[in-house]
Amino acid sequence: MTDKPRLLVLVGPTAVGKTAYSLEIAKAWNAEIISGDSMQVYRGMDVGTAKLPPAEREGIPHHLIDICEPEYPFSVAEFQSRCQELIPEIHARGKLPFIVGGTGLYVESICYNYQFSEVGSDEAYREELQQLAQQQGNEELHRRLCAVDPEAGKRLHPNDVRRVIRALEIYKLTGAVMADQSRRQEKTSPYELCVIGLNTERSYLYERVDQRVDLMMEQGLLAEVERLLAAGVPDTAISMQGLGYKELVPYLRGEYTLEQAVYLLKRDTRHFAKRQLSWFRHMQDIQWVELDRLQNFNDALQIIHDIIAGKFKEQREYKSNQSYL
């Protein structure tokens with residue numbers, strides 16, 4: 001046994017089914033859910049982030065959803081700080097803190113108490129890069145990042161000018177790339193940690209991604225993007241670099257057709273799911289549950305239940321009334 005506080009974590013690629021499982025797990029284990037998604041923090045960005053409406057949360061508290069405006073540059077350091085306040089508060093209520101999400105760095109920053117060093121800043125260099133972007137375009141700025149930090153170049157969209165500039169600034173100030181910071185972490189957890197990863201057959205996951213994008217379009221994703229732009233949210237904001245937003249903005253500018261925009265959104269989401277899986281496969285302590293497309297929801301839920309019970313040395317009797325496939 002350990003005197004460390006318990007922390008339950010559920011991760012996996014987008015569209016794998018984390019939300020449905022998280023509700024049943026939270027009910028069984030008397031948990032409160034903390035969103036581990038870097039985009040669901042933004043108010044008014046509901047369709048594109050697949051945000052679960054409050055009426056469908058089945059009375060389970062959900063934290064770190066709708067906590068800031070789309071113009072706000074929310075960061076992993078702020079996510080970590082908020083979680084470090086939330087987790088003991090949830091324990092004090094006699095509940096189990098339960099992080100659910102697919103943003104790998106955010107989740108790991110909590111699981112292993114990452115230390116984010118203050119690199120400092122170079123205002124003159126920032127201004128120089130801003131002028132470069134204005135004069136030669138965001139793509140040129142992004143090309144320079146890819147030359148010195150290919151990993152960050154793959155992760156950041158060219159229009160995410162603020163983060164591209166920050167990555168270049170870090171490299172100039174330290175001679176090191178952004179990913180080095182996470183690699184240097186000791187990765188020891190302050191929690192009694194139970195981390196479960198959901199995965200499924202790749203072709204089936206990609207089918208689910210395509211279906212999710214089609215559903216988002218039916219639910220009004222395009223209108224959501226139009227409304228955000230009309231409200232004055234700049235297309236360079238961090239929030240607008242999220243999937244579904246950065247693909248539709250160019251359509252609204254007339255740069256390509258809606259059909260092309262939807263194609264790009266599906267493609268980018270599939271690529272994102274692949275990157276998520278790659279990240280989580282390197283995460284220590286994770287126990288994977290492979291979800292076959294024909295597997296009964298309750299059977300998979302029982303496997304998850306057994307993992308949690310084995311880790312926390314505590315048995316719970318429960319069965320879902322849901323009939324997800």
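The values are calculated or read from the model by the stated rules, or taken from the named source; none is laboratory data. What you see is a predicted model, and the numbers here were worked out from it, not measured in a lab. Cβ sites come from the backbone with ideal geometry, for glycine too, and all protein chains shown count toward neighbours.
Structure data summary
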| item | result |
| --- | --- |
| Selection from segment 1-32 of residues that are more than 25 Å from SER278 (Cβ to Cβ) and part of a strand (DSSP E or B) | ARG6, ALA31, GLU32 |
| Of residues in segment 250-272 being touching a residue at least 60 places away in the same chain (Cβ under 8 Å) and under 23 Å from PRO70 (Cα atoms), the one surrounded by the fewest Cβ atoms within 10 Å (Cβ to Cβ) | PHE272 |
| Spans of helices (runs of 4 or more DSSP H) in segment 97-168 with at least 1 residues more than 20 Å from SER75 (Cα to Cα), aromatic (Phe, Trp, Tyr) and free of Cβ contacts under 8 Å to residues at least 60 places away in the same chain | 123-136 |
| Output for segment 36-90, where each listed residue is without any contact (Cβ under 8 Å) to a residue 24 or more places away in the chain and of a type in the set (Asp, Glu) | GLU56, GLU78, GLU85, GLU89 |
| Boolean, GLU226 is within 29 Å of ILE67 (Cβ to Cβ), surrounded by fewer than 19 Cβ atoms within 10 Å (Cβ to Cβ) and either of a type in the set (D, E, K, R) or modelled with pLDDT under 95 (or both) | yes |
| Candidate set: segment 169-179, residues that are outside any loop (DSSP other than H, G, I, E, B) and of a type in the set (Val, Ile, Thr); chosen: the one farthest from the chain's Cα centre (by Cα) | THR174 |
| Filtered residues of segment 33-61 (kept if assigned to a loop (DSSP other than H, G, I, E, B), under 20 Å from ARG93 (Cα atoms) and in contact with a Leu (Cβ under 9 Å, 6 or more places away or on another chain)) | ARG57, GLU58, ILE60 |
| Any chance LEU132 is surrounded by fewer than 20 Cβ atoms within 10 Å (Cβ to Cβ), of a type in the set (A, V, I, L, M, F, W, C) and at pLDDT below 80 | no |
